[in-house]
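So the structure is just underneath, and the comments pick up after that.
Throughout, read-outs are computed from the coordinates displayed, never taken from laboratory work. Everything numeric here is computed off the predicted structure, so don't read it as measured data. Ideal geometry is used to build each Cβ from the backbone, glycine not excepted, and the neighbour counts take in all protein chains shown.
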Amino acid sequence: MKKVTISFIVMLLLTVGLAACGAAAPSGATDTIKIGINAPLTGDIPKVGEGTKYAAEMWLEDIKAAGGLDVGGKKYNVELVIEDNEAKAESATAVTTKLISQDEVLVMVGPQSSKQAVPAGEVANNLKTLMVSPWSTNPNTTLGRPYVFRTPFLDPFQGPVLVNFATKEFGATKAAVLYDVASDYPKGLAEFFKSAWEKLHGEGSVVAFESFTTNDTDFSAQLTKIKDSGAEVLFAPQYYNEVALIVQQARELGYEGPILGSDSWGSAELMNLCGDACKGLFFSTHYAAAGATGATKAFIDRYNEKYGYVPDDVGALTWDTMLLVQKAIQDCGKITGDIAVDRQCVRDAMANIKDFEGITGSMTFTEEGDPIKCAVIVKISDAGEFEFYKQVCPE
Amino acid sequence: MAFFLQNVVNALQAGSFYALIALGYSMVYGVLLLFNFAHGDIFMVGAYVGFFVTTGALLLVSTLGLVALPGWVVLVLVILVAMLITAFVGVAVERIGYRPLRQAPRASAAITGLMIGIILETGNLALLGATRLSFPELIQTTTYTVGGVTLTNKRIMIVGVALLLMFALHQFVQRTKWGMAMRAMAYDFGVVPLMGVPLNSIAALTFALGSGLAAAAGILFSVAYPVLNPYMGITVGWKAFVAAIIGGRGSILGAALAGFLLGFIEIFVAVIFASTYRDLIAFSIILLILIFRPHGFFGEAHTSRLRL
C-alpha cells in the first residue's frame, strides 16, 4: 500500500513538473512556426507518404522564397516536422502524440488514410490541436471532433456517386464488393456503396459482399464466389498495391465485367504494379491530372518537373491542405507564443474559412470540419493516364 | 461442381507455396532440432533475388541485342540461379546466426532467428526503399476453360514446379550419400557426428536446400502475385511454419501434405464462411489436429527417432 502511494506521488510530481516545463518554456519558438506532417513513408502505401512529403516540401519552398510566413505583419520561419507512421494505426497515434506534445507543432497535417486518421484524430482532438487530414474520407475521422478537419470529400458522398455511375454507365443491377475488413477506409466505403446500391436496386442486389484482411495476397476464393454470383460490376475500394493483385486475379479467374474503384486507386504507382490489366477501368477521385487547367496544371507541371512524375491525388490534396493551413494561420492574425492559445486561434480561423479555391475544387467547411466539394470520375486510358471522364457535385 | 473444382485449383496453388516453404522449416528442425524463424524472410529474399536476376537478364538481352529466349526458359533459368544465390544466403544465416549458438539453449537460437528475419526485412527496406516492386511478366497468361473451371498456364506451372521440386528433394534425401547423412543426423543429433559425419557441413547443406526451395517458392509466388514488398514473407512464413508443425516435425512428406491441407482449409473456409473467419477457423482446425496428434501427421516424440 505504502509503495503504491509513494509511486503515485512520484508520478504526480513528475506530471506536474513536466506540465510546468511545458508551460514555462515556449522554447524560444516565438519566431518559428512548426507544422507536423504525419505520413506513411514506409509500410503498405509508401507512395502516398512520398506524395505527401513532396507536396509539403514544395509548399515550404514557396514560404522560404517569400522570406517566411507573414502573420499579422511579422515574418515567421516555418519548420516542417515530418514523421513516418508506417501506415499503421498505432504508429499514427504515437506520432501524433510526439508531434503535439514533444515537438509542439502548431498544426498537424495528416495522417492520410482513414485507418490512421480515425485514431489519430482522437488524440489530436483530446490535445486540442488542429489536425487536417488531406486524404481520409471516412466520416469518423472528423465526427464529433471540433479540432479535426479534412480536405477531401466523404465516403457517404463517394459511395452513391459510384453507385449512380455504375448503374448508368454499365446498366448494372447486380454488384459485388471485395474489401479489406481490417481497414477503416475500405470497410466504410464498402458499406456505403452497399447501402446505396440496395437503396437503388432493392434488397439483395449486392450479390456478393466479400472481405479479406490486410496483407492478404490471394483472393481466389473470394473472386471465385464473386464470379459465380453473376455480378455485373465489381467494386474494390482498395489501395493501389492490392488493386493490382485483385484485378489480375479476377481476370485470371475469368471474371470479365467492369471493376470499379475509389479515390485510393489514384496513385502514381498503380499503373507500375497493375500494368495493362487496369486499363479501361474507372474510379472516383478528387482531381484528374490529364487535361487539368489553371492553378491545377501549374501545380502538376511544377511537381512533375521537380520529382519526375505526375502527382497523384494525395499530392494535390496535401498541397491544398498546406495552403488551407497557411490561410488559417494568417487569418488568426497573431502568434502569441503560448502554444495552447495559438492552437485554439488557428483552429477557429480554420473553421471560418469560406469558399477556399483549391486545386482540387472549392471548399467551405461544415460544422463537422468536412468540405463540401465535387468528385471526379476518372478513366484509366490506354496510355495508362488518369483521364477526366465526368464530374459529380453534391446536390 | 465447376465452382467446387475451381476452388480445388485455387487451393492447390495456395498450398504449393506453403508446402515448399514448410519443407525448409521441417528439414532444419529434423537435422538441428531448431526452428529457423528467419525462413519466411529467406522466402522474401528469394523473391527479390529472382526479381533482380530477371531484370538483369532482360536488360542484358536488350542491351546486347541477343536473341530473346522464350519466357519459360528464362523463368527456369531465373529459378535455378535464384535458388543457388539464396542457398548461399541461407548458408550465411546458418554460419553467422546459428552455428555460434549450437550449444546454447534453444530459446537463444529462436530469438536469433527472429532477429535475422527483422534484419533481412529492414535491411531490404533501407536498401531498396519502401516502394513496391512489380515482378516482370515472363510468360504471357493463357487462360484455359475446362468444364467451367478456369485454369491459367501460370497456375499449372506453379503447381507442377512445386511438385517436381518436392519429388527431387525426396529423391535427394533418400538416394544420395548426403541425404543419408542428413537422415542419420535427424536420427540422432548427438551421436552421429561422433561417427565421422561432419555436423557443420550437413547443417550448411540443410540450410542451403531449405533456402533454395524457399527461393523457388518466392519466385513462383511473385509470378502469381507480382507485387513484392519487404514484409511479404511474414504471414506466408508463419503459415508454412504451422504446416511444418502439423506435418510432423522433420517429415518431408508430412510438411508437403500439410502445406496443401492448409491451402485447402483456407480456401474452403473462405468459400463456405465469410472470409473474415478464414484464419480463425483454419487455425482452430489445426489446433484440433494437434490435440489428437500432438506430433503432427508423421512426427514422433522428441525422445524417439525423427524421420526425414
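Rounded to the nearest 0.05, the FRET efficiency derived from the C-beta distance between A:D338 and A:D62 at R0 = 30 Å is 0.60. Spatially, region A:177-211 and region A:372-395 are offset by 21 Å when compared through their Cα centroids. Average partner chain C-beta neighbours within 10 Å, per residue of B:142-151? Mean partner-chain Cβ count within 10 Å for B:142-151: 2.
Region A:305-368 and region A:276-291 have Cα centres separated by 26 Å. For chain B, rounded, prolate or oblate, judged on the Cα gyration tensor with a ≥ b ≥ c (square roots of eigenvalues), a/c < 1.5 rounded, else prolate if a/b > b/c? Taking the square roots of the gyration eigenvalues as a ≥ b ≥ c, chain B is oblate. Given springs between every Cα pair under 10 Å in a Gaussian network model of chain A, which of A:S205, A:S136, A:S113 has the largest fluctuation? Residue with maximal mean-square fluctuation among A:S205, A:S136, A:S113: A:S205. Based on Cα contacts under 8 Å between residues 6+ apart, chain B shows a relative contact order of 38 percent. Taken residue by residue and averaged, Cβ atoms of other chains lying within 10 Å of the Cβ of A:267-274 number 3. What FRET efficiency comes out for the pair B:L280/B:M1, r = Cβ-Cβ distance, R0 = 41 Å, nearest 0.05? According to the calculation, E is roughly 0.90. With a Cα cut-off of under 21 Å and a minimum spacing of 8 residues unless on different chains, the lysine pairs in region A:33-129 number 19.
Working from Cα positions, state the angle (0 to 90°, nearest 10) between the long axis of helix A:294-307 and the longest principal axis of chain A. Orientation of helix A:294-307: about 80 degrees from the principal axis.
Once you reduce region B:262-291 and region B:142-198 to the center of their Cα atoms, the two points are 26 Å from each other. Judged by the gyration tensor of its Cα atoms, with axes a ≥ b ≥ c, region A:155-285 is rounded; a/c sits under the 1.5 cut.
The alpha carbon gyration tensor of region B:6-103 gives principal lengths a ≥ b ≥ c with a/c of 1.5 or higher and a/b no greater than b/c, which makes the shape oblate.
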